[in-house]
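Participant: The structure is given below, and queries will be raised subsequently.
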Amino acid sequence: MSAPILRVANLSRRFILSRAFLSRPAEMLIAVDDVSLDLAEGETLGIVGESGCGKSTLARMVLKILAPSSGRIELAGRDITDLGEREMRPLRRQLQAVFQDPMSSLNPRLRVRDIVAEPLRPLGLDRRTIAEKVRETLRLVGVPEGAEFRFPHAFSGGQRQRIAIARALVAEPRVVICDEATSSLDVSVQAQILNLIADLQARLGLSLLFISHNLGAVRHVSQRVAVMYLGRIVEIGTEKDIFDRPAHPYTIALLAAVLEPVVGQDVAPPLTGEVPSAVNRPPGCHFHSRCPKAESRCSTDDPALLPRRDGHLVRCHFPE
Ligand SMILES: Nc1ncnc2c1ncn2[C@@H]1O[C@H](COP(=O)(O)OP(=O)(O)O)[C@@H](O)[C@H]1O
Ligand code: SF4
Ligand SMILES: [Mg+2]
């Protein structure tokens with residue numbers, strides 16, 4: 001197997017909400033806790049979990065928008081964790097992103113051609129080459145001819161997301177991170193954009209980190225999937241491991257919540273209870289307050305992320 005194009009090792013991020021004062025202890029929120037994952041070249045790795053579990057914080061650290069509290073990020077074998085803004089500049093085009101809201105991520109005062117051309121600017125290409133690359137990429141993502149001369153507000157949400165995807169792809173990045181890239185779109189448009197992402201990934205051999213709270217969307221595009229809960233990976237494996245043979249009670253509950261119940265079939269109860277606060281995470285297994293399988297050991301012993309016989313990793317004392 002070739003070396004991963006992206007490697008995240010033991011990445012954590014804490015936020016200090018308030019400092020200690022007199023007898024009051026400091027309030028610390030652990031958004032991402034010791035996350036490790038590899039992305040192979042040409043692979044889509046999905047990251048799924050309820051809102052607040054740390055997906056965007058993880059994405060922002062990998063994109064070098066947010067500094068990690070600890071851990072390491074490697075891009076194509078190079079440690080980029082401590083690279084500053086200036087050192088990152090030549091690497092920026094290798095690491096691109098598509099975010100949830102295409103309206104706020106596209107500058108409304110720029111024409112589409114200038115928006116899409118942005119990652120090409122540092123490459124010192126001549127104007128004709130830039131215009132050609134922009135046109136070619138817009139065609140690739142299915143934006144109609146002539147769009148490059150218009151402004152973002154002239155387009156629908158789906159078209160704007162296509163423009164954002166064109167900008168992410170124009171400079172042939174090594175890794176693309178999609179963070180809830182289809183979550184703000186209507187269901188029918190969502191399907192079109194998911195099909196586009198899956199199609200581009202296969203045709204161009206993109207290496208994608210596809211982040212969404214939407215299990216269906218993640219399943220549609222991912223070859224491997226990581227499930228996060230309260231800042232940690234609780235299960236990671238192939239798309240089939242996660243969707244056909246889930247082993248962590250949280251994954252099973254998440255799936256049960258979106259699947260239609262089959263009459264006569266024994267399905268796990270849907271997820272109940274509040275997500276515990278990331279400020280005061282429960283001791284032991286962080287999922288024990290909501291877990292239908294919890295036993296007394298679960299409230300004191302924190303389970304490790306361990307491999308199963310089929311190779312996929314699960315963080316649970318009593319996996320399925
Ligand atoms: N800048 C910040 N300051 C304090 N807490 C934050 C900050 N950014 C994110 N958080 C908290 O970190 C946790 C993870 O957030 P986030 O990564 O946005 O989750 P997700 O993308 O999975 O919804 C949440 O509890 C969120 O409130
Ligand atoms: S360790 Fe216990 S509480 Fe945690 S997921 Fe497994 S069975 Fe549930
Ligand atoms: Mg998010």
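The values are calculated or read from the model by the stated rules, or taken from the named source; none is laboratory data. Not measured: the values here are computed from a predicted model. Neighbour counts run over all protein chains shown; Cβ positions are idealised from the backbone, glycine included. Please note that ligands, DNA and RNA were not included when accessible areas were found on the heavy atoms of the full protein model with its side chains. Shrake-Rupley method; radii C 1.70, N 1.55, O 1.52, S 1.80 Å.
Participant: Ala198 - would you say it is closer than 25 Å to Glu50 by Cβ and either under 24 Å from the mean Cα position of the chain (by Cα) or at pLDDT below 95 (or both)?
Facilitator: On the way: closer than 25 Å to Glu50 by Cβ: yes; either under 24 Å from the mean Cα position of the chain (by Cα) or at pLDDT below 95 (or both): yes.
Against the criterion (closer than 25 Å to Glu50 by Cβ and either under 24 Å from the mean Cα position of the chain (by Cα) or at pLDDT below 95 (or both)), Ala198 qualifies.
Participant: Still on this structure, I have one more. Just checking, how many residues over the range 81-106 are over 19 Å from Val189 (Cα atoms), of a type in the set (A, V, I, L, M) and either assigned to a helix (DSSP H, G or I) or open to solvent by 60 Å² or more (accessible area, probe 1.4 Å) (or both)?
Facilitator: The total comes to 2.
Participant: Here's a follow-up. Quick check on the range 264-320: of everything there that is polar (S, T, N, Q) and at pLDDT below 90, which residue is nearest to ligand 2 (Cβ to nearest atom)?
Facilitator: Thr272
Participant: Separate question: When the residues of the range 176-190 are filtered to those that are surrounded by 15 or more Cβ atoms within 10 Å (Cβ to Cβ) and of a type in the set (Gly, Ala, Ser), which remaining residue is nearest to ligand 3 (Cβ to nearest atom)?
Facilitator: Step by step, filter the range 176-190, then rank; the result is Ser183.
Participant: Hey, could you check the range 49-64 for residues that are in contact with a strand residue (DSSP E or B) (Cβ under 7 Å, 6 or more places away or on another chain) and within 16 Å of ligand 2 (Cβ to nearest atom) and say which is farthest from Val35 (Cα to Cα)?
Facilitator: Ranking the candidates gives Gly49 first.
Listed here are the residues, each with its yes/no results for (1) buried (at least 18 other Cβ atoms within 10 Å of the Cβ); (2) within 16 Å of the chain's Cα centre (by Cα); (3) more than 16 Å from ligand 3 (Cβ to nearest atom).
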residue	(1), (2), (3)
Asp114	no, no, yes
Arg139	no, no, yes
Arg174	no, yes, yes
Gln192	no, no, yes
Leu209	yes, yes, no
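Participant: Do any residues in the range 243-255 that are more than 9 Å from ligand 2 (Cβ to nearest atom) and open to solvent by less than 20 Å² (accessible area, probe 1.4 Å) have Cβ atoms under 6 Å from those of residues that are modelled with pLDDT of 95 or more and of a type in the set (Val, Ile, Thr), where the two are at least six apart or on different chains, and which pairs are they?
Facilitator: Within 6 Å, the pairs are Ala247/Val314; Thr251/Val227.
Participant: Across the range 211-221, what is the number of residues that are within 14 Å of ligand 1 (Cβ to nearest atom), part of a helix (DSSP H, G or I) and surrounded by fewer than 22 Cβ atoms within 10 Å (Cβ to Cβ)?
Facilitator: 1
Participant: Return only the number of the condition from (1) within 25 Å of Ala181 (Cα to Cα); (2) away from ligand 2 (no atom under 16 Å from the Cβ) that Leu22 does not satisfy.
Facilitator: Status for Leu22: all satisfied but (1).
Participant: Given the conditions (1) surrounded by 16 or more Cβ atoms within 10 Å (Cβ to Cβ); (2) modelled with pLDDT of 95 or more, report the number of the one that Ala131 does not fulfil.
Facilitator: (1)
Participant: If you go through the range 118-147 one residue at a time, how many are touching a residue at least 60 places away in the same chain (Cβ under 8 Å) and part of a loop (DSSP other than H, G, I, E, B)?
Facilitator: Looking only at that region, the number is 0.
Participant: In the range 12-37, what residues are assigned to a strand (DSSP E or B), exposed (fewer than 13 other Cβ atoms within 10 Å of the Cβ) and either touching a residue at least 12 places away in the same chain (Cβ under 8 Å) or not small (Gly, Ala, Ser) (or both)? If you could, list the steps in order and put the result at the bottom.
Facilitator: Our first condition is that a residue be assigned to a strand (DSSP E or B); within the range 12-37, this holds for 12-18, 21, 24, 27-37.
Applying the additional criterion that residues be exposed (fewer than 13 other Cβ atoms within 10 Å of the Cβ) yields 16-18, 21, 24.
Answer for the range 12-37, where residues must be assigned to a strand (DSSP E or B), exposed (fewer than 13 other Cβ atoms within 10 Å of the Cβ) and either touching a residue at least 12 places away in the same chain (Cβ under 8 Å) or not small (Gly, Ala, Ser) (or both): Ile16, Leu17, Phe21, Arg24.
Participant: Right, another one. Given the structure, is Ala76 at positive phi, small (Gly, Ala, Ser) and surrounded by fewer than 20 Cβ atoms within 10 Å (Cβ to Cβ)?
Facilitator: Criteria met by Ala76.
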